[in-house]
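Only one structure is covered here, and it is reproduced in the block below.
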Amino acid sequence: MKTKIILGFSLLILCCCSNPLPTKTPTTAPHHQGKIRITGAYALYPLVQQWIADYQKVNPNVEFDLQAIGSGNGLDEILNKKTDIAMISSQVPENVDTLLWISPVARLAVVPIISKKNPYLQTILKNGIKKDELVGLFTNQNPHTWGDIYGKPTKDPVKVYVRSDKSGATDVLAKYLWVESNEVVGVGIEGENKMIEAVKANPLALGYCNLVYTYDLANKQFFNDFCILPIDLNQNGIIDKREDFYNDFAELQRAMFLGKYPCVLNRNLYVATLGKPKTQEMVDFLKWVLTRGQGIVPKLGYIELRNSEIKYNLYYLLN
């Protein structure tokens, strides 16, 4: 898939040098029958929900049915013709990507999370956690206690929670840890919200979620009862100044945009249709997502696409 995207992008650059991108959508597509059904990744749900709300302000006759069911389940539904648009938060298998029209629409990071009631909280925030320790904890290869990790005599076990549904967040975490998704083990939790509730309820918990679920948009603050576990990127046992960007959401978001946070954990989020979008309403909505809709992206805690990516995907939507 990566090879095709790179080759396609190179061809697009050549095309764009001599031909301007189209400015209007085709008018021959049939009209959509019923609601546009969108299902899939929890990671994209808050953003798509806001996109729909804003889009319907100027297109009130277009109706949607939006459901978060997990990235893998969304992919299954689009392949089985049970949904119109799938929200995807992990790499699409090569054996099916040729069947789909796929476009990135935003970026979002996966973050490890702990309870703010953790008895080692201040030490954890000061020292962070090394990648090697995360590997041991999430694969149960080296099940440390919190005391083991931070040089304390206490033997409080780390209670690891993982997503039990087909989660793109798990796939991304596994890729960062250099393991397979099925090697990420712990107490299974279905869905993003239940994961967060489990972590909040257990002072010794370790879990993970998508960044936007750590932040209260109304108050522009992180939530009070759980927090992001800082990653000790250079593994020197302390969160250095260059790694210290977890206290402010805007600062963390900028660090992710600049690549200071692990790039593997900060992945593209996609929408996909079975073949190119076939109805006028779907084409118009996806065009709006790739243009005016991008203005909403950073306001909700995501990272917007680059202009070159927008032009590339818009071109292949409209041609």
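Residue-level analysis places V172 among those that are hydrophobic (A, V, I, L, M, F, W, C) and part of a helix (DSSP H, G or I). Among the residues of the range 95-148, the one identified as over 30 Å from D84 (Cα atoms), surrounded by fewer than 19 Cβ atoms within 10 Å (Cβ to Cβ), hydrophobic (A, V, I, L, M, F, W, C) and within 23 Å of the chain's Cα centre (by Cα) is V135.
Among residues belonging to the range 67-81 that are out of contact with any helix residue (DSSP H, G or I) (no Cβ under 6 Å at 6 or more places or on another chain) and either free of Cβ contacts under 8 Å to residues at least 12 places away in the same chain or assigned to a strand (DSSP E or B) (or both), point out the one that is surrounded by the most Cβ atoms within 10 Å (Cβ to Cβ). So, considering only residues that are out of contact with any helix residue (DSSP H, G or I) (no Cβ under 6 Å at 6 or more places or on another chain) and either free of Cβ contacts under 8 Å to residues at least 12 places away in the same chain or assigned to a strand (DSSP E or B) (or both), the one surrounded by the most Cβ atoms within 10 Å (Cβ to Cβ) is Q67.
Just one of the numbered conditions (1) outside the structural domain of K287 (by TED's automatic domain parsing); (2) of a type outside the set (F, W, Y); (3) in contact (Cβ under 8 Å) with a residue 60 or more places away in the chain is not true of S89: (1). Out of curiosity, is V110 assigned to a helix (DSSP H, G or I) and not small (G, A, S)? Here the answer is no, as V110 does not meet what is asked.
Evaluate the range 231-247: report whether one residue or more is in a helix (DSSP H, G or I), among the hydroxyl-bearing types (S, T, Y), outside the structural domain of S90 (by TED's automatic domain parsing) and touching a residue at least 12 places away in the same chain (Cβ under 8 Å). Steps first, please.
Just the residues of the range 231-247 that are in a helix (DSSP H, G or I), to begin with: 241-243.
Next, only the ones that are among the hydroxyl-bearing types (S, T, Y) stay: none.
Taking every residue of the range 231-247 in turn, none turns out to be in a helix (DSSP H, G or I), among the hydroxyl-bearing types (S, T, Y), outside the structural domain of S90 (by TED's automatic domain parsing) and touching a residue at least 12 places away in the same chain (Cβ under 8 Å).
Test G188 against the criterion of being assigned to a loop (DSSP other than H, G, I, E, B), surrounded by fewer than 16 Cβ atoms within 10 Å (Cβ to Cβ) and not assigned by TED's automatic domain parsing to the domain that holds I296, and give yes or no. Break it down stepwise before answering.
Details: assigned to a loop (DSSP other than H, G, I, E, B): no; surrounded by fewer than 16 Cβ atoms within 10 Å (Cβ to Cβ): yes; not assigned by TED's automatic domain parsing to the domain that holds I296: yes.
Taking the combined requirement at face value, the residue does not satisfy it.
In this structure, is I102 of a type in the set (V, I, T) and part of a helix (DSSP H, G or I)? Walk me through how you get there before you give the answer.
Details: of a type in the set (V, I, T): yes; part of a helix (DSSP H, G or I): no.
No: the conditions fail for I102.
Filtering the range 191-211 down to residues that are part of a helix (DSSP H, G or I) and buried (at least 20 other Cβ atoms within 10 Å of the Cβ), which residue is modelled with the lowest pLDDT? Restricting to residues being part of a helix (DSSP H, G or I) and buried (at least 20 other Cβ atoms within 10 Å of the Cβ), the top hit is E192.
The values are calculated or read from the model by the stated rules, or taken from the named source; none is laboratory data. Remember, predicted model here, so these are calculated numbers, not experimental data. Ideal geometry is used to build each Cβ from the backbone, glycine not excepted, and the neighbour counts take in all protein chains shown.
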